[in-house]
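Participant: Take a look at the following structure, please.
The values are calculated or read from the model by the stated rules, or taken from the named source; none is laboratory data. Every value quoted in this text rests on a predicted model; they were computed, and no experiment measured them. Virtual Cβ from ideal backbone geometry, glycine too; neighbours counted across all protein chains shown.
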Amino acid sequence: MRHDGRQPDAVRPVELLRGFTQAAPGSVLIRMGGTHVLCTAAIEEEVPPWRAASGAGWVTAEYDMLPGATGQRRPRSRERLDGRTQEIQRLIGRALRTAVDLPRLGPRTIYLDCDVLQADGGTRTAAITGAYVALCDAVRVGRQRGLWGPDVIVAGVAAVSVGIVDGQMLLDLDYPEDAAADVDCNLVMTSRGQWVEIQATAERTPLSEEQLAALLALGRGGITHLLTLQERVLRSGHPSE
């Protein structure tokens, strides 16, 4: 039993609140335990210049933490992003592009903005899981506007953290567990069971191939649960309807 009462293979309580803001074509507030992330999706009728000749669309992401997201105030990123923030937003963009048939978008960009309102570990994985739902809503709105046809979304995507803490493998680490982890991993997987990203770091003790395989199996179970939650929420109908 963990300090919050969870079993080692349990994710924190998850909420996906669609239509959280009115202006964005897609918006979701995801709560995973004490981590809360607002994910919005916007559609722009253009692509980056280097992408224009392809005729295909683009999906990209921005990520940041609000100043009050953690116990110590975090300054706003007004001029230059730190390395961690750049790494995370690139990860989110890579993950969500696997969900989309980019040629079907045409010369358009979907921007996913992920703003951490409250951080208690797993902010990047929560952002990916929430941003996928916001992306699906934006794609649905774009189709209603006649911007593209069907079958733009080709796979679901979700993410979760796993780690080894005091010799025990744990799913969906909160901040105290993450800070104490010997091994920390962030995993992204599609609904087809394919890995998009495997970020594994031995913070204190190197891990064996057998341990890595066990962590992947643990993460697969958690992501499968999150994918089911995403599908259930998306089947409930568009929040504007």
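Participant: Consider the range 110-127. How many of its residues are within 20 Å of ARG140 (Cβ to Cβ) and surrounded by 18 or more Cβ atoms within 10 Å (Cβ to Cβ)?
Facilitator: Total meeting the criteria: 4.
Participant: What number of residues within the range 199-241 are surrounded by 14 or more Cβ atoms within 10 Å (Cβ to Cβ), among the polar types (S, T, N, Q) and either at pLDDT below 95 or closer than 17 Å to ALA158 by Cβ (or both)?
Facilitator: Residues in the range 199-241 being surrounded by 14 or more Cβ atoms within 10 Å (Cβ to Cβ), among the polar types (S, T, N, Q) and either at pLDDT below 95 or closer than 17 Å to ALA158 by Cβ (or both): 3 in total.
Participant: Show the residue pairs meeting these rules: Cβ distance below 6 Å; 6+ apart or different chains; first residue within the range 145-156 and of a type in the set (A, V, I, L, M); second residue surrounded by fewer than 14 Cβ atoms within 10 Å (Cβ to Cβ) and modelled with pLDDT of 95 or more.
Facilitator: Filtered contacts from the range 145-156: ALA155/ARG192.
Participant: Would the range 13-33 turn up any residue that is more than 17 Å from TYR132 (Cα to Cα) and in contact with a strand residue (DSSP E or B) (Cβ under 6 Å, 6 or more places away or on another chain)?
Facilitator: Within the range 13-33 (the criterion being more than 17 Å from TYR132 (Cα to Cα) and in contact with a strand residue (DSSP E or B) (Cβ under 6 Å, 6 or more places away or on another chain)), the answer is no, since none of the residues qualifies.
Participant: Identify the residue in the range 150-178 that is of a type in the set (Gly, Ala, Ser) and modelled with pLDDT of 95 or more and, among all such residues, is nearest to THR201 (Cα to Cα).
Facilitator: First, pick out the residues of the range 150-178 that are of a type in the set (Gly, Ala, Ser): 155-156, 158-159, 161, 163, 167.
After this cut, where a residue has to be modelled with pLDDT of 95 or more as well, the list is 155-156, 158-159, 161, 163.
Values: ALA155: 27, GLY156: 26, ALA158: 20, ALA159: 16, SER161: 12, GLY163: 9 Å.
Only one residue tops the list, namely GLY163.
Participant: For THR70, state whether it is among the hydroxyl-bearing types (Ser, Thr, Tyr) and in a loop (DSSP other than H, G, I, E, B).
Facilitator: In short, yes.
Participant: From VAL196, VAL188, which residue is out of contact with any Ser or Thr (no Cβ under 7 Å at 6 or more places or on another chain), surrounded by 12 or more Cβ atoms within 10 Å (Cβ to Cβ) and in contact (Cβ under 8 Å) with a residue 60 or more places away in the chain?
Facilitator: VAL188
Participant: Identify, from the list ARG90, ARG76, the residue that is over 24 Å from LEU187 (Cβ atoms) and either of a type outside the set (Phe, Trp, Tyr) or in a strand (DSSP E or B) (or both). Talk me through it step by step, then tell me what you get.
Facilitator: Working: ARG90 fails: over 24 Å from LEU187 (Cβ atoms).
ARG76 is the lone residue from the list that is over 24 Å from LEU187 (Cβ atoms) and either of a type outside the set (Phe, Trp, Tyr) or in a strand (DSSP E or B) (or both).
Participant: Can I ask one more? Which residue out of ALA158, ALA131, ALA214 is touching a Gly at 6+ places or on another chain (Cβ under 9 Å) and part of a helix (DSSP H, G or I)? Spell out how you get there, then give the answer.
Facilitator: Values: ALA158 fails: part of a helix (DSSP H, G or I); ALA214 fails: touching a Gly at 6+ places or on another chain (Cβ under 9 Å).
It is ALA131.
Participant: Give me the pairs, please: first residue somewhere in the range 169-180 and closer than 12 Å to PRO13 by Cα, second residue anywhere and hydroxyl-bearing (Ser, Thr, Tyr) and crowded, with 17+ Cβ neighbours inside 10 Å, beta-carbon distance under 9 Å, and either six or more positions apart or on two chains.
Facilitator: Going by the 9 Å Cβ cut-off, the qualifying pairs are ASP172/THR125; ASP172/SER161; ASP174/THR35.
Participant: Filter the range 1-28 for residues that are closer than 14 Å to THR40 by Cβ and of a type in the set (Lys, Arg) and give the result.
Facilitator: Listed by number, the list holds a single entry, ARG18.
Participant: How about the range 58-115: which of its residues are small (Gly, Ala, Ser) and closer than 30 Å to ALA179 by Cβ?
Facilitator: Initial filter on the range 58-115 (small (Gly, Ala, Ser)): 61, 68-69, 71, 77, 83, 93, 95, 99, 106.
ALA61, GLY68, ALA69, GLY71, SER77, GLY83, GLY93, ALA95, listed by residue number.
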